[in-house]
Amino acid sequence: MRTNTTPRTTNRKAIFALLAVQALCVAVAIAAVTQNRAAHVALGVLPSGLEQPLRMLPRYDYPRVVSDDQLRRVLYILRPKLRGERPSINHVDHALRMWGVEATFADPDCLSGVEMRALLTDHRTFARDWGADEKPLLVVDERGIAVRTQEGQATASHIDHTLAGLAEIGTPISFPVHTTEGIFTVGELLESTLRSFRLNQTEYEWSTLAFALYLPHTKGWQSSESQQITFDRLARRLMRERLPRGVCFGNHRMFTLVVLLNVDDEHNILGSPARGEVEKFLLDATAQLVKNQHQSGYWNGDWATGPTDKSDDRKRDSLANRVLATGHALEWWAIAPKRFHPPRESLVRAGQWLCQTIEEMDETTVRKSYTFLTHAGRALALWRGKMPAEVVNAETAANAKR
């Protein structure tokens, strides 16, 4: 007897065909979702910055830390004598952060604040001073626009230092950035920074500072590595290494953590547990600074540990490192709430040591330590309730009336 198997075979083939089609559809759907997620990252579906970034303005006026006359003399010594061929971009970057765009100087060797910002944001100005043979400071690639960093005197010294500095001096998000590839904006520079940011990158300080000032309305975003970035997570990254590890003996970390607290006061960017951790971290840092302040008033590379006999620690006691540690500590305290301050006498001794030391420096020493000194000069002005440009511009106006 012949058995008719054709219908069953046909049904089986149809089922297999249907399953194959379904599997293909699922694979296509998964690929589409994956591609769509990648496209979202690639296309930069990221938070947009405020048109006007937040500013950390002066909070205190303590004349015993630095007198009016001392401040004028110190700021005169630290004026940005950077005009000419091939000015160090590291110096320009730091000088702009100290002086801001409002600063003008009678000295023809000094760059104004507007000129310094142009050097960092306009390739035409950069090429004029550095020559057509030098690689551009501002580069454009598949990630967007970026600032060349740690590649010599024609580049920035810290990751995202330029962007953070532009934020600190109040540069609008729509401010134009001229490159060899066309005109972009600071907003596009911020977007590229968000896209290229990695949780395992070497420095977090300046990236986090820029994010806090331009993006205080943002609770979080996804990195290009599909990692969720929040200010809580950034704060904990800043605190995870033992002090004084980190650039400038860890002081950049404290400065940025204070900024996060200040921004959180108005914009609630930190969760309560993270805020508590930040406060404890800063209070502990202050306690160590008080404990290890040298009798003359300064700190150096041993500020977090106390002096030791190790050769590496002894090397940290150079004059440059004393200026670095003391100026940076006074700077982050100057924007911090009072509860994080040391006793007033500690501030006074540090400020007076800085003033005396800077006034005794020759021009060569000032030039060699200029980046550290900009933090010191800015800190001293903040302790008198002013930005450095306010002091210099007021003096220029007074001289013009005489």
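The values are calculated or read from the model by the stated rules, or taken from the named source; none is laboratory data. Keep in mind that this is a model prediction, so the values were computed, not measured. Note that we place each Cβ from the backbone using ideal geometry, even for glycine, and neighbour counts take in every protein chain shown.
If only one of N4, N36, N11 is outside any helix (DSSP H, G or I) and at pLDDT below 50, which one is it?
Of N4, N36, N11, the one residue that is outside any helix (DSSP H, G or I) and at pLDDT below 50 is N4.
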For the list (1) in a helix (DSSP H, G or I); (2) touching an Asp or Glu at 6+ places or on another chain (Cβ under 9 Å), I need the number of the one condition that K81 fails.
(1)
Given the criteria under 23 Å from W353 (Cα atoms), modelled with pLDDT of 95 or more and under 22 Å from the mean Cα position of the chain (by Cα), does F211 qualify?
no
Can you find a residue that is touching a Lys or Arg at 6+ places or on another chain (Cβ under 8 Å) and closer than 15 Å to T374 by Cβ anywhere in the range 110-117?
yes
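Does T396 qualify as being of a type outside the set (K, R), in a helix (DSSP H, G or I), over 28 Å from the mean Cα position of the chain (by Cα) and more than 28 Å from P337 (Cα to Cα)?
So T396 fits the description; yes.
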Scan the range 265-279 for residues that are free of Cβ contacts under 8 Å to residues at least 12 places away in the same chain and crowded, with 21+ Cβ neighbours inside 10 Å and report the count.
0
Answer residue from the range 280-296, given it is over 17 Å from R316 (Cβ atoms) and touching a Phe, Trp or Tyr at 6+ places or on another chain (Cβ under 8 Å) and is surrounded by the fewest Cβ atoms within 10 Å (Cβ to Cβ) among those
L283
Quick one: which helices (runs of 4 or more DSSP H) sit completely within the range 295-382 and have at least 2 residues that are under 21 Å from G100 (Cβ atoms) and of a type outside the set (D, E, K, R)?
319-334, 344-359, 370-382
State yes or no: is S318 among the hydroxyl-bearing types (S, T, Y) and within 28 Å of S207 (Cβ to Cβ)?
no
Quick one: I169 ticks every box in (1) closer than 19 Å to G100 by Cα; (2) of a type in the set (V, I, T); (3) out of contact with any Gly (no Cβ under 9 Å at 6 or more places or on another chain) bar one, so which box is it?
(3)
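Being among the β-branched types (V, I, T) and farther than 14 Å from E390 by Cβ is the filter here; which residues of the range 75-109 pass it?
Hits for the range 75-109 are I77, I89, V92.
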Taking the residues in the range 226-240 that are within 16 Å of I159 (Cβ to Cβ) and not β-branched (V, I, T) as candidates, determine which candidate is surrounded by the fewest Cβ atoms within 10 Å (Cβ to Cβ).
R237
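From S207, S157, S226, grab the single residue that is in contact with a helix residue (DSSP H, G or I) (Cβ under 9 Å, 6 or more places away or on another chain), on the phi > 0 side of the Ramachandran plot and among the small types (G, A, S).
Result of the check over S207, S157, S226: S226.
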Counting only residues that are over 15 Å from the mean Cα position of the chain (by Cα) and under 21 Å from T326 (Cβ atoms), which one in the range 243-264 is surrounded by the most Cβ atoms within 10 Å (Cβ to Cβ)?
F249
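Looking only at residues that are farther than 15 Å from L75 by Cα and in contact with a Gly (Cβ under 9 Å, 6 or more places away or on another chain) in the range 90-101, which one is surrounded by the most Cβ atoms within 10 Å (Cβ to Cβ)?
For the range 90-101, the residue satisfying everything is D93.
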Out of the range 183-198, which residues are in contact (Cβ under 8 Å) with a residue 40 or more places away in the chain and over 16 Å from the mean Cα position of the chain (by Cα)?
F184, E188, R195
Looking for whichever is free of Cβ contacts under 8 Å to residues at least 40 places away in the same chain and of a type in the set (K, R) here; the options are R349, R344, R322. Which one fits?
R322
